[in-house]
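The values are calculated or read from the model by the stated rules, or taken from the named source; none is laboratory data. Because the structure is a prediction, the values reported are computed rather than measured. With ideal geometry, Cβ positions are generated from the backbone for all residues, glycine too; neighbour counts draw on all protein chains shown. Ligands, DNA and RNA are excluded from the accessible area calculation, which covers all protein heavy atoms including side chains. Shrake-Rupley method; radii C 1.70, N 1.55, O 1.52, S 1.80 Å.
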Amino acid sequence: GGTVTVQPFMGPRKVADPLVDDLRRLVVVNEGGVVRYVRSGAGILVHGSVDAASYRERVERRMGTCDRTSLIRETSRNPAFPCRRVRRIGIASMAITFTVTVRESGERLYTKQLTANNRAVEESDDGFGHMIDGEAMQEDLRRHLVSRFAKVILPWREERRVRFGRCGSAKELCEHGVRAIRSGDYNEAITLFRVALQELREIDGSSDERAGALWNLGLAQ
C-alpha cells in the first residue's frame, strides 16, 4: 500500500533508538512521494537488530625529537629537543541487520546484515595526545548504514557523468548517436553506433576508433 511501519530494533538502545528515528525521518522526507510512514497498519514492516556497535582505542607512545623556533641574535633557529610523541588510533565498528516483512502475510522480502568500520588517527607531541570523539564516529557509521539500507525501500536519484568515445572516420555517425541519446532516443543511438562500428570494421579503422564506437554502443545500451 505504499506505507511503511518502522518497528523498534533489538540491541543496545543507545544505537537502536536513534537508528529507528533515522529511518522514520528518511521515509517522511523522501523525494519519491510513493512511500509514506505510518505508525501502524502499514503495507510493510521494517525491523531488525543492532548486532555489534563497538569503539576501541590504541595509544602509541615513543620518544622523538621536536623543533622549536627561537630568535637568537635576530636569527631564527629551530633547535631540536627530545619529546614524547603520542599517536592515538580510534576504530569504530558497527553491524546492523535490516529486515523487510509484508505486514499481512508475514512474508519476508529482504534481510541482510550491513557492516561498516571507521578509523581515526590523532597525533601530538605534548605527551597526552588529542582525544578522538568515538561517539561521533559511531553516529556516522549508524547514519551511513541507514542510508545504505534506505535504497531498499525508498526511491533515490543517481546521476552519472560519462564521456563518449571518438570514432575517427565514423565521426559523423557517432555525433548523430550522441544527439539521439541527448534527445532520449536510445534505440536510434544504438542503431547509429552499430552502423559506425560496422563501417569502421569494413574500412579497417584503427583499434582506438573501433573502441570508441564500441564504448558509445555500450553506453547507449
Seminar exercise, completed: Filtering segment 128-175 for residues that are under 30 Å from ARG84 (Cβ atoms) and β-branched (Val, Ile, Thr) leaves a count of 1
Exercise. In this structure, is THR101 under 23 Å from ALA16 (Cα atoms), open to solvent by 20 Å² or more (accessible area, probe 1.4 Å) and of a type in the set (Val, Ile, Thr)?
Worked result: no
Seminar exercise, completed: In segment 83-136, residues that are among the polar types (S, T, N, Q) and over 24 Å from GLY48 (Cβ atoms) total 1
For this session: Evaluate the following for GLY168: is it of a type outside the set (A, V, I, L, M, F, W, C), more than 28 Å from LEU114 (Cα to Cα) and crowded, with 18+ Cβ neighbours inside 10 Å?
Result: no
Exercise. Can you tell me how many residues in segment 176-187 are open to solvent by less than 80 Å² (accessible area, probe 1.4 Å) and either within 31 Å of the chain's Cα centre (by Cα) or over 11 Å from LEU217 (Cα atoms) (or both)?
Worked result: 6
For this session: Could you tell me whether segment 189-203 includes any residue that is within 32 Å of the chain's Cα centre (by Cα) and not aliphatic (A, V, I, L, M)?
Result: no
Seminar exercise, completed: Screening VAL195, VAL152, VAL162, VAL178 for residues that are of a type in the set (A, V, I, L, M) and closer than 30 Å to GLY43 by Cβ leaves only VAL152
Problem set entry | Subset tally (residues that are of a type in the set (S, T, N, Q), under 25 Å from ASP17 (Cα atoms) and open to solvent by 70 Å² or more (accessible area, probe 1.4 Å)) for segment 104-145 | 4
For this session: Check THR101, THR65 and return the single one that is at pLDDT below 85 and either out of contact with any Gly (no Cβ under 8 Å at 6 or more places or on another chain) or part of a strand (DSSP E or B) (or both).
Result: THR65
Exercise. Does ARG58 count as at pLDDT 70 or above, open to solvent by less than 80 Å² (accessible area, probe 1.4 Å) and under 34 Å from the mean Cα position of the chain (by Cα)?
Worked result: no
